[in-house]
Every structure is written in C-alpha cells, then in structure tokens.
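The structure under discussion appears below in the form of structure tokens.
The values are calculated or read from the model by the stated rules, or taken from the named source; none is laboratory data. From a predicted model like this one, the values you see are computed outputs, not experimental measurements. Cβ: placed from backbone, ideal geometry, glycine included. Neighbour counts: every protein chain shown. All accessible areas refer to the heavy atoms of the entire protein, side chains included, with ligands and DNA or RNA removed. Shrake-Rupley method; radii C 1.70, N 1.55, O 1.52, S 1.80 Å.
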Amino acid sequence: MVEEVLVRERESLSTEHIACGEELLRRIERAGLKFVAAYWIRDRTAEVPRWTLDIVTPEVDKKGTLRSYRRINEHDLKPPRVSCAFGVSIIEVLGLDYSFFKQLKSAIRSKTSLSDVPVSQLVVGNTMVDLYIYQFPASNSHNK
C-alpha cells in the first residue's frame, strides 16, 4: 500500500512543471507563435510512463516540425531562462492533422474551450492517458 502511494506520487506531474510549462507557453505566445492546444500528457499504458508537453500549432503544417521546435527552443533558452528549461525530448510539437490530437478531441468532447484542467485516466483510442490541459479547443472548433 505504501509503495503504491509512493509510485503514484512519483508519477504525478509536479507543480513546478505546470508553472514552467505555463511560462514557456506565455513566452512563445508573446513571440507570435499561435497554438490551438497545449497540454501535459502521460501515456499510462507505456512501458515507462513519462510526461511530455504537447503543443499543437498550425505552424507545423505550414513550416514544418523542425522550424517549430527551433522557435520554441529559442524562447525556452532566451534570458531570463525558463525556470526549468525543457529539452526537446520532453516537448512534442504537433500539427492540427496529427491523428492522436484528433482522437483526443473526440475523446474530450467539450462544448467549451478548456484551460487549467487536470484529467485522469482518459481513454483515447487504445491507450489511457493523464493530462494537464493549459488550452484545448471546444470540440466544434478546429475540425480539421
């Protein structure tokens, strides 16, 4: 029982990561990078579940993934540095046509846009995920 609680606690998303993600999103938004969704996600079915920060932006569809990563990395490292700088391995930059994002929109089905919402054990396709949503569109918007 104690071990189960410790394992669950270790897997939780820290308040520091939530704050740092929010800081990074504010910076890239101020720099003109538009995104339609941003959220921390952890695949509970993965062999080693880990949190990643997904940023869904139309820029990926227009200019490519690599250029989008570069723009985000510039704002992560720009002085003053984001308090807990994230490496590329923890950030996923996705386009609107990314299949998992479409599945996630179908699974959430919110009539209003969501912000600052934790979601636990959501079934998406063949997987179960935990989320911390910074921004997520209503199910009737961005229907690509």
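For segment 92-107, backbone phi angles converted through the Karplus equation (6.51, -1.76, 1.60; θ = phi - 60°) give residue-by-residue couplings of 10, 9, 10, x, 5, 8, 4, 4, 5, 4, 4, 5, 5, 4, 5, 6 Hz, Gly and Pro being listed as x.
Residues whose amide H lies under 5 Å from that of SER139, counting only those 5 or more places away or on a different chain, are SER110, LYS111, THR112; hydrogens are built 1.01 Å from N in the peptide plane.
Under 5 Å from the amide H of VAL124 lie the amide H atoms of VAL129, each residue being 5 or more positions distant or on a separate chain, with H modelled from the backbone and absent for Pro and chain starts.
The accessible-area ordering, largest first, of the residues ARG42, ARG71, ARG109 stands as ARG109, ARG71, ARG42, per a 1.4 angstrom probe. Working note: Karplus 6.51/-1.76/1.60 with θ = phi - 60° gives segment 109-115 the couplings 6, 8, 7, 10, 5, 10, 8 Hz, where Gly and Pro are set to x. For the listed peptides 53-64, 23-34, 123-134, a ranking on the average number of other beta carbons within 10 Å per residue, highest first, reads 53-64, 123-134, 23-34. What is the sum of charges, Lys and Arg at +1 and Asp and Glu at -1, for the other residues whose Cβ falls under 10 Å from the Cβ of LEU122? That sum, taken over residues with Cβ under 10 Å, equals 0.
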